[in-house]
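Peer 1: Have a look at the structure that comes next, please.
Please treat every number below as a calculation from the coordinates, not as lab data. Everything numeric in this text was worked out from a predicted model, so none of it was measured. All Cβ positions, even for glycine, are placed from backbone atoms using ideal geometry, and neighbour counts span all protein chains on display.
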């Protein structure tokens, strides 16, 4: 059963303990509120202010697991805090590990500070969980996909348009890399995993994937430099720096260009173009 009083108290305390800069928000000049405002939390949690306010007031409907997961992510809760708030709401906490999509507060804090850099947080099978605005400008909004198409490896073999942003000479290598990575994930997590489900779908539908799968190639790792073809600013050679959250198997990918190169100038141009598009 839901512990409305306990849930309300926990949400209030957590909201009051956070500052705008902790969650990637601007503080503003005349701020007097201690912690975050309810409307700010509502935006972070992708729900109405009224709905969130009623939870803090010990009333309203019984929040679903999806709502609690959104609150846990919006409030930058740790895994232990996430599990606690699930139990307060009368739900069993989600499983931890590779299938979890709850991003750690540490990774979120780093991502929030990369506002002028292309970056994204992905799962080990290439499902994008969060992007910076410049990350979206570089690769498109890859958080919008649903189902198997959430994985870039799946889209690579099923959607020809997915390859348009990458140098053609790199396509054979990237195909091998995606197959190798998926095979490793299937081995780690077993035949009932999401990775195994994606592999089954691709084996049934894609000849290229079947051919590469039969080679049993393992250990094909991403190259230090990724070559992008952007439709507006052109070709860019970007270094990809990776930070791993070992508990959740999430990867923070950060893309940079060497100063003084043409790619560096084009990345700066992309920043200007993306800013103008948001206005």
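Peer 1: Of 125, 2, 68, how do they rank once you tally other Cβ atoms within 10 Å and put the fewest first?
Peer 2: Numbers: 125 26, 2 15, 68 23.
Arranged by neighbour count, lowest to highest, 125, 2, 68 become 2, 68, 125.
Peer 1: Run through every distinct alpha carbon pair of region 1-77 and return the Kirkwood hydrodynamic radius in angstroms, one decimal place. All intermediate terms of the calculation are to be shown ahead of the outcome.
Peer 2: Values: mean 1/r = 0.0788 Å⁻¹.
One over the average 1/r among Cα pairs gives 12.7 Å for region 1-77.
Peer 1: Of the candidates 129, 79, 201, which one comes out as most mobile in a Gaussian network treatment of the chain with C-alpha springs shorter than 10 Å?
Peer 2: Maximum among the listed residues: 201.
Peer 1: Just rank 9, 162, fewest to most, by other beta-carbon atoms within 10 angstrom. Each step should come with its number before you reach the end.
Peer 2: Details: 9 14, 162 19.
Listed from fewest to most nearby Cβ atoms, that is 9, 162.
Peer 1: Now for a different question. Rank the residues 156, 213 as a footprinting-exposure proxy: fewest other Cβ atoms within 10 Å of their Cβ go first. Walk me through the numbers before you get to the answer.
Peer 2: Numbers: 156 23, 213 18.
Fewest to most other Cβ atoms nearby, the residues stand as 213, 156.
Peer 1: Taking the chain as a Gaussian network, Cα atoms linked when under 10 Å apart, which of 70, 17, 175 shows the biggest mean-square fluctuation?
Peer 2: In this elastic network of the chain, the residue with the biggest mean-square fluctuation among 70, 17, 175 is 17.
Peer 1: Right, here's the next one. If I build a Gaussian network model for the chain, linking alpha-carbon pairs within less than 10 angstrom, which residue out of 87, 144, 227 has the largest mean-square fluctuation?
Peer 2: Per the Cα network of the chain with a 10 Å cutoff, 144 tops the list.
Peer 1: What do you get for Rg/Rh of the chain when both radii come from the Cα atoms and Rh is the Kirkwood radius?
Peer 2: On the way: Rg = 20.8 Å, Rh = 20.7 Å.
That ratio equals 1.01.
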